[in-house]
Amino acid sequence: MSKTLLLEIGTEEVPAHVMPGILAQLKEKAEAALKENRLDFTGVRTIGTPRRTALLVSGLAGQQADVSSEHRGPSVQIAFDADGNPTKAAQGFARGQGIDPKDLVQKDGYVYAMVHEKGKPATEILQTLLPELICGLNFPNNMRWANLDFKFIRPLRWLVALYGSEVIPFEVAEVKSGRTSRGHRYLSQGDFDIADADSYEQACEAQHVIVDQQRREQLIREQIVDVAHKNGGEVEINEDLLEEVVYLVEYPTALCGHFEEKYLQLPPEAVITPMRDHQRYFPVKDKDGKLLPLFITVRNGGAEHLATVQHGNERVLRARLADAQFFFDEDRKKSLAEHRDKLKTVVFQQGLGTMYEKSERVEQLADYLCDLLHADDKTRKHATRAAFLCKADLVTGMVTEFTELQGIMGREYARLDGECEKVAVAIDEHYQPRFAGDSQPASPAGRVVSLADKIDTLVGMFSIGKIPTGSQDPFGLRRQALGLVHMLIEAKYDLAISQVVDKALDLYQVTDAAKRSQLQSDVADFLRLRLKNVLDESGIRYDVADAVMEDIDNIYAVTLRAQAVQAFVTGDAHLGDIQAFCRVANLAAKAGDSDVDASLFQQAEESSLYDVYQATASSLESLLGGQDYAGALDALTELAAPIDAFFDGVLVMDKDAKVQHNRLALLRAVHDLTCQVADFKKIVTA
C-alpha cells in the first residue's frame, strides 16, 4: 500500500539566494535515488522556508519492486565434468549468485544463474536512503559546528522523517529523526508533533509557518499590491527581490512605511537602490510612474504591533536616504568631468594601469569604432564624449557607497551638468547588459562605448593571462563577451573584430608579434564559444553552426550565413549538392596548395570544372560582399554537376605527379571557395 513520505531538514536560517537551488537539487536527487532503489512513486515536491527544507513524495510504494535477472557464468564444458557434476567453477559461480548449483541453467553453451530478488520494505530502504540524501546535498558554502566533522550550509537542528504516520529512524550529525518539528520562531509555541506526512503543511500553518514557497509568494504578492492600493499607489515588483523575500520569511505580513518627500529630489534610482537592494523594500509609484514617498516591506510575523515595526523600518531607511543625500550633495560640488581626474588613483587591474588610463583607451577605441562603422559626426561626438566621461562616476561618493548605481549616477550627473541627453544615456548604457536577461544598449553612441569598453577589458585581461577556466570567471568575462556578441547581432554591425582587437593591442602597447597573434586567437576562440551558444538558442543546428564558424571575425555575418545554410541543408532538395561538396573536401585535404595550372589539364571534365569554378568565384565575390548568402549558396550549386562529372571521368591520383598535384589543387580551390560560405563536410546528412 502506497503512502506519502515526508523528510523535513530543520536548520538555522539558510541564505535566501541559495534556497531555490537547494530545493531543486533535493528534488532531483530524491527522484534519482527512489528510482535507483526501485521504489515507485506518483510525485515529488520540495518546499521550504529559511529554517526548513522539506521533501514530500506522494504515492510511495510500501515495498521495492521485485527484480529478476540473468547472469552468465562459465561455459558448460568448464562448469561440468565428464560425469555431469558441477565443477568448482560452477559451484563458485552459483555461490556468488546465491543459488544452488543444481539450479543453474544451460543455454548457448554457457551456464546461467536466474536470480529473483524480492523487494525490501520501503521503510527499511528509507533508513539508509534519507540520510544519504541529506549528506549528498551540495552547497556553495558549508559550516561545521560543535566538534563534528559533518558539514552543512547551516547547523542541523531537527529532522522529521515520516512514511505515512510511521517514523523512519536514522541519525545525522547527532540529530535523530522523529515526528517533532519547530514552529515559527516567535509566533508559535515552539516544538510540535506531526501526525502523518499528509498533514504536514496544515500542521506547520497552525504554528504560523507557511511552508510552501509558492503559496508564500502568492500571499506576498497579493498583500503588497493591496497595501499599495490602500495608500494610493502602485507597487513596483522586482521579481528577483520578491523571490528573495519569499525565502526570508515563514509567515508574511506586508506593511507600508513613509519617508520625507525631500528625498524625492534625488534621482529615483538613488532612492530605489538603498530601498530595494539594501533594505529589501518595494518602492511605490503613482499611476504616472512617479516615485511616491512610500515603501512596502514584508514582516516575518503577524499583524501585531505593526506600527512599531513600521517605525523601525522608517528609521533605517531614513538613515540610508540621508547618506544618499549627503553623497549626492558632495558629488555635485564638482562636475562629472572634474571627478574624472580622481580615476588616476583607482587601479583597473594589476598590470593594466588605472581606471583613468582605461577610460582613455575606451575613448580612443570608441573613436576607432566610429571609423569602422562609418558613424555620422553626431554619433562620433556623442560616443567619444560619453567614453571620456563613462568611468568618472566610479569615484563619486554615491557610487562608492552604492556600487549598484555605477553608470546610472554617471547618467544623472551628466544630465545635471548640461551634457547632451544622448551622451548621458550612453554613459549608463555602456555597462549593459549588467546581468543575464538585461537589455542591450539601444542608442548608437551607447553601443559604441559598450563595445569599446568590453573589448578593452577582454584584451587587457587576456594579455595578463586572466582567461576564464572551468566554471571560474571572477571578472565576468563570459558575460561581457556574450553581451558583445548579442550587441553585434542585434545592431547588425558589419564589423571585423580582429581589427578592433588589433587596435586594443596597440593601446596596451603589446608589440611582440607572437603574443599579438596568440591573443587574437584566444579572443576569437572565446567569442566563438559564446556565439555557438547564441546560435543554438536561436534554433541553429549544431552541425550548421560548426560548418559556418571557422571564421567568426564578422559575428553578424556568421549568423546570416548560419540561417542561410540551415535553410539550404534542411530537407533533401540539395542533398546531392552537399554530397558533391563533401567528396571534394575529402580529397582536397591531400592537396598542398590551390595553385591550378590549366595547361596540365588532360580531360574535358577538368577544364569544365575549372571554368565553372572561375565563373562561380567571380559571382560569389559580389554576393558575399552584399551578404546575400542564399544567393551565394545558389551560385555554389552550379559546381555540383561538374564535380560529379569530374569524379566520374577523371582519375585524381594519376601516376604523373604533376598531373596528380594539379588535380588535387583544383579540388582544393573548389573546396576553399565553398568554405567561404560553409564547410559542408561538417553537415550531417543522415
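The values are calculated or read from the model by the stated rules, or taken from the named source; none is laboratory data. Here the structure is a predicted model, which is why all the values come from computation and not from measurement. All Cβ positions, glycine included, derive from the backbone under ideal geometry; neighbour counts span all protein chains shown. Each accessible area value is taken on the protein alone, full model and side chains, heavy atoms only, with ligands, DNA and RNA left out. Shrake-Rupley method; radii C 1.70, N 1.55, O 1.52, S 1.80 Å.
For the stretch 447-466, what are the residues that are out of contact with any Phe, Trp or Tyr (no Cβ under 9 Å at 6 or more places or on another chain), touching a residue at least 24 places away in the same chain (Cβ under 8 Å) and not in a helix (DSSP H, G or I)?
If the condition is that a residue be out of contact with any Phe, Trp or Tyr (no Cβ under 9 Å at 6 or more places or on another chain), touching a residue at least 24 places away in the same chain (Cβ under 8 Å) and not in a helix (DSSP H, G or I), then ILE464 is the only one that fits.
Among the residues of the stretch 330-342, which ones are open to solvent by 80 Å² or more (accessible area, probe 1.4 Å) and in contact (Cβ under 8 Å) with a residue 12 or more places away in the chain?
Scanning the stretch 330-342 gives ASP341, LYS342.
Which of the residues spanning the stretch 85-119 are part of a loop (DSSP other than H, G, I, E, B), out of contact with any Lys or Arg (no Cβ under 9 Å at 6 or more places or on another chain) and within 30 Å of ASP40 (Cα to Cα)?
GLY98, ILE99, LYS118
Per-residue answers, yes or no, for (1) assigned to a helix (DSSP H, G or I); (2) open to solvent by less than 70 Å² (accessible area, probe 1.4 Å); (3) in contact (Cβ under 8 Å) with a residue 60 or more places away in the chain:
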{"residue": "THR297", "(1), (2), (3)": "no, yes, no"}
{"residue": "ASN313", "(1), (2), (3)": "yes, yes, no"}
{"residue": "VAL316", "(1), (2), (3)": "yes, yes, no"}
{"residue": "ALA319", "(1), (2), (3)": "yes, yes, no"}
{"residue": "ALA322", "(1), (2), (3)": "yes, yes, no"}
{"residue": "GLN325", "(1), (2), (3)": "yes, yes, yes"}
{"residue": "PHE328", "(1), (2), (3)": "yes, yes, yes"}
{"residue": "LYS344", "(1), (2), (3)": "yes, no, no"}
{"residue": "SER359", "(1), (2), (3)": "yes, yes, no"}
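Just one of the numbered conditions (1) out of contact with any Pro (no Cβ under 7 Å at 6 or more places or on another chain); (2) under 18 Å from GLU357 (Cα atoms) is not true of SER443; which one?
Unmet condition: (2).
Where in the stretch 29-75 are there strands (runs of 3 or more DSSP E), lying fully within it, with 2 or more residues that are out of contact with any helix residue (DSSP H, G or I) (no Cβ under 6 Å at 6 or more places or on another chain), within 18 Å of ILE168 (Cβ to Cβ) and among the hydrophobic types (A, V, I, L, M, F, W, C)?
52-60
Among the residues in the stretch 584-605, are any in contact with a Cys (Cβ under 9 Å, 6 or more places away or on another chain) and either in a helix (DSSP H, G or I) or at positive phi (or both)?
For the stretch 584-605, residues in contact with a Cys (Cβ under 9 Å, 6 or more places away or on another chain) and either in a helix (DSSP H, G or I) or at positive phi (or both): present.
Consider the stretch 635-686. How many of its residues are over 22 Å from TYR542 (Cα atoms), open to solvent by 60 Å² or more (accessible area, probe 1.4 Å) and of a type outside the set (Lys, Arg)?
Of the residues in the stretch 635-686, 8 are over 22 Å from TYR542 (Cα atoms), open to solvent by 60 Å² or more (accessible area, probe 1.4 Å) and of a type outside the set (Lys, Arg).
Among ILE168, ILE125, which is of a type outside the set (Asp, Glu), surrounded by 13 or more Cβ atoms within 10 Å (Cβ to Cβ) and touching a strand residue (DSSP E or B) at 6+ places or on another chain (Cβ under 7 Å)?
Answer to the check: ILE168.
In the stretch 197-284, which helices (runs of 4 or more DSSP H) lie fully inside it and hold 1 or more residues that are among the basic types (Lys, Arg), open to solvent by 10 Å² or more (accessible area, probe 1.4 Å) and touching a residue at least 12 places away in the same chain (Cβ under 8 Å)?
Counting at least 1 such residues, we get 213-230.
Return yes when ALA567 is without any contact (Cβ under 8 Å) to a residue 12 or more places away in the chain, over 19 Å from ASP672 (Cα atoms) and among the hydrophobic types (A, V, I, L, M, F, W, C) and no when it is not.
Answer is no for this residue.
Quick check on my filter: what residues within the stretch 409-441 are farther than 18 Å from LEU482 by Cβ and either among the aromatic types (Phe, Trp, Tyr) or modelled with pLDDT under 95 (or both)?
Answer for the stretch 409-441, where residues must be farther than 18 Å from LEU482 by Cβ and either among the aromatic types (Phe, Trp, Tyr) or modelled with pLDDT under 95 (or both): just TYR413.
Under 6 Å between Cβ atoms, at least 6 apart or on separate chains: pull out the pairs that start in the stretch 429-441 with a residue that is within 11 Å of LEU451 (Cα to Cα) and end on any residue that is of a type in the set (D, E, K, R) and part of a loop (DSSP other than H, G, I, E, B).
GLN432/ASP438
What is the residue count in the stretch 409-446 for residues that are under 23 Å from the mean Cα position of the chain (by Cα), farther than 22 Å from PRO274 by Cα and either among the acidic types (Asp, Glu) or part of a helix (DSSP H, G or I) (or both)?
Final tally of qualifying residues: 0.
Filter the stretch 467-515 down to residues that are outside any helix (DSSP H, G or I) and open to solvent by 30 Å² or more (accessible area, probe 1.4 Å), then give me how many there are.
15
Filter the stretch 522-540 for residues that are surrounded by 12 or more Cβ atoms within 10 Å (Cβ to Cβ) and not charged (D, E, K, R) and give the result.
VAL523, ALA524, PHE526, LEU527, LEU529, LEU531, ASN533, VAL534, LEU535, SER538, ILE540
Looking only at the stretch 177-196, count how many residues are touching a residue at least 40 places away in the same chain (Cβ under 8 Å) and either touching a helix residue (DSSP H, G or I) at 6+ places or on another chain (Cβ under 8 Å) or exposed (fewer than 15 other Cβ atoms within 10 Å of the Cβ) (or both).
The total comes to 4.
Which one of GLU117, GLU36 is open to solvent by 60 Å² or more (accessible area, probe 1.4 Å) and either under 30 Å from ASP212 (Cα atoms) or free of Cβ contacts under 8 Å to residues at least 40 places away in the same chain (or both)?
Only one candidate qualifies: GLU36.
Condition first: within 31 Å of the chain's Cα centre (by Cα) and either assigned to a helix (DSSP H, G or I) or more than 17 Å from ASP428 (Cα to Cα) (or both). Now tell me which residues in the stretch 367-394 satisfy that.
Correct list: LEU369, LEU373, ALA383, ALA386, ALA387, ALA392, ASP393, LEU394.
Being in a loop (DSSP other than H, G, I, E, B), touching a residue at least 40 places away in the same chain (Cβ under 8 Å) and either of a type in the set (Gly, Ala, Ser) or within 30 Å of VAL76 (Cα to Cα) (or both), is that true of even one residue in the stretch 133-140?
Yes; the residues of the stretch 133-140 include at least one that is in a loop (DSSP other than H, G, I, E, B), touching a residue at least 40 places away in the same chain (Cβ under 8 Å) and either of a type in the set (Gly, Ala, Ser) or within 30 Å of VAL76 (Cα to Cα) (or both).
Could you tell me which residue of the stretch 561-574 is nearest to GLU550 (Cα to Cα), considering only residues that are open to solvent by 50 Å² or more (accessible area, probe 1.4 Å) and hydrophobic (A, V, I, L, M, F, W, C)?
ALA567
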